[in-house]
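J.: I'd like to ask some things about the structure below.
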């Protein structure tokens, strides 16, 4: 039981989008302040030349999504209260014997989706997406049968990339961090 709870907490932690207190931005970089939500087109108009990288996991996503027997949207979409982790650490739909394959959604207090995760045979598999209260995607990570892989991306409210973490088969490979103006402020690579 404790292992199941820790497994769920680990998934939420990996997919969390809280403030990173260890960004190393230094005293010359102001802390981000809340901003108006802009569309990618509005950002391009206001800051020509700034790149907005919305999805960088195209190769990873294609490989992972091909592992589902049918299109992912045809699998069940369940609220997080309808599923539970078994003693084996796999996710199960309550009242169903086999491990869960499909999509799980966690709704916020206002009824908005704040977390969407896909599962295959009870393990996180595919896109794991966190949204803000306005429904804008603020974090996307890809899991391959329970293992973080590809690029985990976080965005500022205006659609600019905030942070990219690079993962390969569950191993951390580094990250890049941008400030709210789109300036790269930190880059690190694992050895």
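The values are calculated or read from the model by the stated rules, or taken from the named source; none is laboratory data. What you see is a predicted model; the values in this text were computed from it and never measured. All Cβ positions, glycine included, derive from the backbone under ideal geometry; neighbour counts span all protein chains shown.
J.: Every residue in segment 53-83 that is more than 30 Å from residue 155 (Cα to Cα) and either at pLDDT 90 or above or in contact with a helix residue (DSSP H, G or I) (Cβ under 9 Å, 6 or more places away or on another chain) (or both), please.
T.: Within segment 53-83, none qualify.
Per-residue answers, yes or no, for (1) surrounded by fewer than 17 Cβ atoms within 10 Å (Cβ to Cβ); (2) out of contact with any strand residue (DSSP E or B) (no Cβ under 7 Å at 6 or more places or on another chain); (3) closer than 23 Å to residue 70 by Cβ:
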| residue | (1), (2), (3) |
| --- | --- |
| 100 | no, no, yes |
| 106 | yes, no, no |
| 118 | no, no, yes |
| 133 | yes, yes, no |
| 149 | no, no, yes |
| 168 | yes, no, no |
| 175 | no, no, no |
| 181 | yes, yes, no |
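Here's the yes/no breakdown for (1) within 18 Å of the chain's Cα centre (by Cα); (2) surrounded by 16 or more Cβ atoms within 10 Å (Cβ to Cβ); (3) free of Cβ contacts under 8 Å to residues at least 12 places away in the same chain:
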{"position": "96", "(1), (2), (3)": "no, no, yes"}
{"position": "110", "(1), (2), (3)": "no, no, no"}
{"position": "123", "(1), (2), (3)": "yes, yes, no"}
{"position": "146", "(1), (2), (3)": "yes, yes, no"}
{"position": "157", "(1), (2), (3)": "yes, yes, no"}
{"position": "164", "(1), (2), (3)": "yes, yes, no"}
{"position": "171", "(1), (2), (3)": "yes, no, no"}
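J.: Hey, can you tell me all the residues within segment 64-81 that are part of a loop (DSSP other than H, G, I, E, B) and exposed (fewer than 12 other Cβ atoms within 10 Å of the Cβ)?
T.: 66, 69, 70, 71
J.: Within segment 127-171, track down each residue that is more than 24 Å from residue 72 (Cα to Cα) and part of a strand (DSSP E or B).
T.: 155, 161, 162, 163, 164, 165, 166, 171
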